[in-house]
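This report concerns only the one structure given below.
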Amino acid sequence: MNPVLGPFIAEKVGPAGWSFILFHTAFVPWSTYRSRGKVGAMKTLPPLAGYLQSVLISQLVLMALALLIARLCGIGLFPRIWPRPLHALVGLAVCAALVAFMFPRWKRAVEKGSRRLYFFMPRSGREKAIWVMVAAAAGVGEEIAYRGVLYALLLRLTGTWWIAALLAAVVFGAAHAFQSGRSMVIIFGFSLVFQALMLWSGALYVSMLAHFLYDVVAGLNYSRLGRQMGFRAEGAPGAENPPVAEATSG
């Protein structure tokens, strides 16, 4: 480490910032990848409503952690820069473009029958209501954590905005190791899009809106496609159809 720059960089980020970086670059990807393996080994999948409730709690805890680190590190997350109508329209257009890009991929994933889709496919009214809450928590919390706090800390480390954005996107993609490798690459690209929205609009509000709406639409479309195609995950509660083989990608 450079004897002059090393202490200077460490002082700018601080112990709290380093802990946050390590948590999101190491623990979160490992945890989500481990969860993927656990699902593959499960003979019986948990009730979806209960699973979504646990995800909601996790999202809220991670959001609280990001807000705490932002405060400790002096990172301003909510400037008084309200989105202009153009910002909101572009955010909605970006969301629509992402949905249009992903829809055929959602359909192919349901056709392949990946068991993991069970966790993204709310069916009952209660499950859909919890899904919307999870989408709201993810849309706000993940934008705060990755496009806000992590990006700011990496910017302090690198001194270059585009390197910080790329690194934050890599970490965000790795944080979705529960999904397939192809999905992680796509999520990396989504992260760059959301980061661009943040940088262009000057705040996180537009990227939060686009992220939230995208997640809501994704879950509801998976639900509709699964119903239309008769999707049944092996070991799902109440599944009566023969097991569907686990896909290697989707």
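The values are calculated or read from the model by the stated rules, or taken from the named source; none is laboratory data. Given the structure is predicted, the values throughout are model-derived calculations rather than measurements. So basically every Cβ, Gly included, is an ideal-geometry build from the backbone, and we count neighbours across all protein chains shown. Please note that ligands, DNA and RNA were not included when accessible areas were found on the heavy atoms of the full protein model with its side chains. Shrake-Rupley method; radii C 1.70, N 1.55, O 1.52, S 1.80 Å.
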Practice problem: Give the number of residues within segment 1-10 that are in a helix (DSSP H, G or I) and either among the hydrophobic types (A, V, I, L, M, F, W, C) or at pLDDT 95 or above (or both). | Solution: 4
Exercise. Could you look through segment 14-30, keep only residues that are closer than 13 Å to Leu167 by Cβ and under 15 Å from the mean Cα position of the chain (by Cα), and pick out the one that is most open to solvent (accessible area, probe 1.4 Å)?
Key: Thr25
Exercise. Kindly indicate whether Arg156 is more than 18 Å from His24 (Cβ to Cβ) and modelled with pLDDT under 95.
Key: no
Quiz item: Any residue in segment 11-24 that is at pLDDT below 85, assigned to a helix (DSSP H, G or I) and of a type outside the set (A, V, I, L, M)?
Solution: yes
Exercise. Might you let me know whether segment 175-185 holds any residue that is under 19 Å from Ala100 (Cβ atoms) and either β-branched (Val, Ile, Thr) or at pLDDT 95 or above (or both)?
Key: yes
Quiz prompt | Qualifying residue in segment 180-200 (condition: more than 26 Å from Leu22 (Cβ to Cβ) and crowded, with 21+ Cβ neighbours inside 10 Å) | solution = yes
Self-check item: Any hit, segment 120-130, residues being among the basic types (Lys, Arg) and modelled with pLDDT under 95
Solution: yes
Quiz item: Somewhere in segment 139-153, is a residue hydrophobic (A, V, I, L, M, F, W, C), over 23 Å from Arg116 (Cβ atoms) and more than 15 Å from the chain's Cα centre (by Cα)?
Solution: yes
Quiz item: If you check Leu77, Leu65, which single one turns out to be open to solvent by 40 Å² or more (accessible area, probe 1.4 Å), out of contact with any Asp or Glu (no Cβ under 6 Å at 6 or more places or on another chain), more than 21 Å from Pro237 (Cβ to Cβ) and hydrophobic (A, V, I, L, M, F, W, C)?
Solution: Leu65
Quiz prompt | Qualifying position, being at pLDDT below 90, surrounded by 18 or more Cβ atoms within 10 Å (Cβ to Cβ) and of a type in the set (A, V, I, L, M), among Ala164, Ala236, Ala168 | solution = Ala236
Quiz item: Looking only at segment 123-161, which residues are assigned to a helix (DSSP H, G or I), in contact (Cβ under 8 Å) with a residue 60 or more places away in the chain, more than 17 Å from Gly76 (Cα to Cα) and open to solvent by 50 Å² or more (accessible area, probe 1.4 Å)?
Solution: Arg126, Lys128, Val132, Met133
Quiz item: How many residues are assigned to a helix (DSSP H, G or I) and either touching a strand residue (DSSP E or B) at 6+ places or on another chain (Cβ under 6 Å) or of a type in the set (Phe, Trp, Tyr) (or both) if we restrict to segment 167-183?
Solution: 1
Exercise. Sort out which residues of segment 25-41 are aliphatic (A, V, I, L, M) and touching a Lys or Arg at 6+ places or on another chain (Cβ under 9 Å), and write them in order of number.
Key: Val39
Quiz item: Across segment 57-116, which residue is farthest from the chain's Cα centre (by Cα) among those that are among the polar types (S, T, N, Q) and assigned to a helix (DSSP H, G or I)?
Solution: Ser58
Quiz item: Which residues, taken from segment 31-50, are open to solvent by 90 Å² or more (accessible area, probe 1.4 Å) and either in a helix (DSSP H, G or I) or without any contact (Cβ under 8 Å) to a residue 40 or more places away in the chain (or both)?
Solution: Tyr33, Arg34, Lys38
Exercise. Go through (1) closer than 18 Å to Phe178 by Cα; (2) modelled with pLDDT of 90 or more and name the single condition Tyr33 misses.
Key: (2)
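Just one of Phe120, Phe103, Phe178, Phe78 is in contact (Cβ under 8 Å) with a residue 60 or more places away in the chain and farther than 30 Å from Met42 by Cβ; which is it?
When all the criteria are applied, what remains is Phe78.
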